[in-house]
Amino acid sequence: MTVNWNSPVLKSLEPVLNNAKLVHINKEKLIDVANWMAYEEFPKPDGSMLFDFGNDPDVLMDFTMVVNTMNFAFTDFTTGVKFETDYQGKRWCDSEAMLACMHRAINSGIPLFSGEYLANLTKEQFNTIFAGTIQMPMVDERVAIFNEVGRVLVEKYQGSYHNFVRSCSPRLYDQGNGLLERLVTEFPRFNDVSDYHGNKVQIFKLAQLGIWGMHLALSPRGHWKLEDASDLTAFADYIVPVGLRVMGIFEYAKELEDQINNLQEVKRDSDAEVELRASSIYCIALLTEEINKRRPGMTPLLMPQVDFRFWKTYHATHWPHHLTKTVMY
């Protein structure tokens with residue numbers, strides 16, 4: 001399977017890839033990585049989840065979309081320390097710590113998936129639910145987002161994300177009625193677009209991640225599936241660039257390398273930030289295509305599967321990642 005390089009997200013990256021000055025992609029290293037990564041085992045979607053939220057498809061839709069409403073910024077911007085929490089006899093880090101907090105809340109009877117509850121959520125309630133080793137960064141922004149999303153769900157979708165999902169075509173793109181198209185339009189928090197020298201770059205990290213999460217959980221159960229999942233791209237975040245940098249695929253201009261290593265903020269929509277994210281998406285797409293070439297006769301990998309290979313390996317590493325204050329990842 002070849003990558004659809006004309007999909008809206010990948011097509012929008014071209015001005016960045018053609019003009020990037022701070023992030024250089026070493027394609028020889030990328031091919032080297034494809035040569036050995038092709039022989040790794042990539043887990044097949046089987047519906048399994050980190051925590052058990054049951055089998056009701058509506059609940060799983062609500063869970064996945066609520067998760068990705070707040071799935072961003074788990075590292076303290078001053079200290080570089082990551083959010084962690086203790087649950088079920090284990091310490092969880094980063095977004096896995098967020099999932100642990102959610103599971104704990106739902107099991108204690110908190111209606112965290114209800115639009116009405118989210119619309120009225122307070123900062124105090126939030127901090128109680130998401131208690132961990134540090135206060136979760138950007139609490140005010142998170143509460144404001146939940147309040148806004150909750151209001152939309154109450155006003156238009158009887159208070160539930162699953163009603164929104166079921167009102168959309170089960171495709172990313174479908175002449176405006178696709179799930180991705182409507183998600184980024186009706187919920188401003190998902191409209192993850194950057195301007196790069198006058199060019200509109202579509203990233204859509206959390207929107208795509210939420211849709212992929214539903215596909216992962218529900219398609220093996222036969223409840224719902226995304227019909228154009230091969231058009232999902234990587235989820236441009238803080239972690240994938242770390243893996244690409246460690247493997248030598250990414251090479252940085254000295255000023256960017258110093259900025260990242262010294263934990264200096266990389267501003268949202270700066271050239272550096274957009275180049276990091278756009279290059280990550282491109283590299284995962286190209287790597288997916290190269291890996292699939294080396295696995296003839298096997299089920300082709302999708303870009304999110306290769307993305308997860310990087311995220312899972314490097315999300316708790318001590319190698320520094322870039323720090324950007326944003327609600328988009």
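Extending 7 Å from the Cα toward the beta-carbon at both residue 151 and residue 21 defines two label points whose distance is 4.1 nm. Converting phi to 3J(HN,Hα) with the Karplus coefficients 6.51, -1.76 and 1.60 and the offset θ = phi - 60°, the stretch 179-184 yields 4, 5, 4, 6, 4, 6 Hz in sequence order, with x at every glycine or proline.
With 0.36 nm allotted per residue and the present C-alpha distance subtracted, the residue 46-residue 221 stretch has 62.2 nm of extension available. Our summary of shape: the Cα atoms of the chain have principal axis extents of 52, 45, 44 Å, ordered from largest down, in whole angstrom. Along each principal axis, taking the top coordinate minus the bottom one, the Cα set of the stretch 54-154 gives 38, 28, 19 Å in descending order.
Using 0.36 nm per residue, how much length does the chain from residue 29 to residue 59 gain when fully extended, once their Cα-Cα distance is taken away? Walk me through the numbers on the way to the answer.
Working: separation 30, 0.36 × 30 = 10.80 nm, distance 4.26 nm.
Net length gain for the segment: 6.5 nm.
Between residue 81 and residue 299, the modelled labels are 4.2 nm apart [label points 7 Å from Cα along Cα→Cβ]. Protection proxy ranking, highest mean first, for peptides 89-96, 75-82, 233-240: 233-240, 89-96, 75-82, where packing is the per-residue count of other beta-carbon atoms within 10 Å, averaged. Karplus-derived 3J(HN,Hα) values for the stretch 25-34, using 6.51 cos²θ - 1.76 cosθ + 1.60 with θ = phi - 60°, are 9, 8, 5, 4, 5, 4, 5, 4, 5, 4 Hz; glycine and proline are entered as x. Centre-to-centre separation between the Cα atoms of the stretch 28-83 and those of the stretch 152-228: 17 Å.
Quickly estimate the mean residue ellipticity at 222 nm for the chain, helices only: each DSSP H run with n ≥ 4 gives -39500 (n - 2.57), and the total goes over all residues, rounded to 500. List each step's numbers first, then the result.
Numbers: 15 runs with 158 residues, N = 329.
Estimated from H runs of four or more residues: -14500 deg cm²/dmol.
Excluding same-chain neighbours fewer than eight residues apart, the lysines reachable from residue 312 by a Cα-Cα span under 18 Å are 44, 82, 90, 205.
Each Lys and Arg Cβ is given +1 and each Asp and Glu Cβ -1; about its Cα centre, the stretch 110-240 then shows a dipole of about 260 debye. Think of the chain as a dipole: +1 on every Lys or Arg Cβ, -1 on every Asp or Glu Cβ, centred on the Cα centre; then among 153, 135, 55, 55 lies furthest on the positive end.
Which value, in debye to the nearest 20, describes the size of the charge dipole of the chain about its Cα centre when Lys and Arg Cβ atoms bear +1, Asp and Glu Cβ atoms bear -1, and nothing else is charged? Please report the intermediate quantities before stating the final value.
Numbers: 32 positive and 42 negative charges, 70 e Å.
For the chain, the charge dipole is close to 340 debye.
Cross-link partners of residue 29 among aspartates and glutamates, defined as those whose alpha carbon lies under 18 angstrom from its own and excluding same-chain residues fewer than eight positions apart: 40, 251, 289, 290, 307.
The relative contact order of the chain comes to 27 percent, based on Cα pairs under 8 Å that sit 6 or more residues apart.
The stretch between residue 128 and residue 14, if pulled fully straight at 0.36 nm per residue, gains 36.7 nm over its current Cα-Cα span. Site pair residue 195 and residue 108 shows an inter-label distance of 4.3 nm when each label is modelled 7 Å from Cα along Cα→Cβ.
The DSSP beta bridges internal to the chain are antiparallel in roughly 85% of cases.
Every number here is computed from the coordinates shown, using simple stated rules; none is lab data. Quick caveat, the model's predicted, so the values are computed rather than measured. We place every Cβ from the backbone using ideal geometry, glycine too, and count neighbours over all the protein chains shown.
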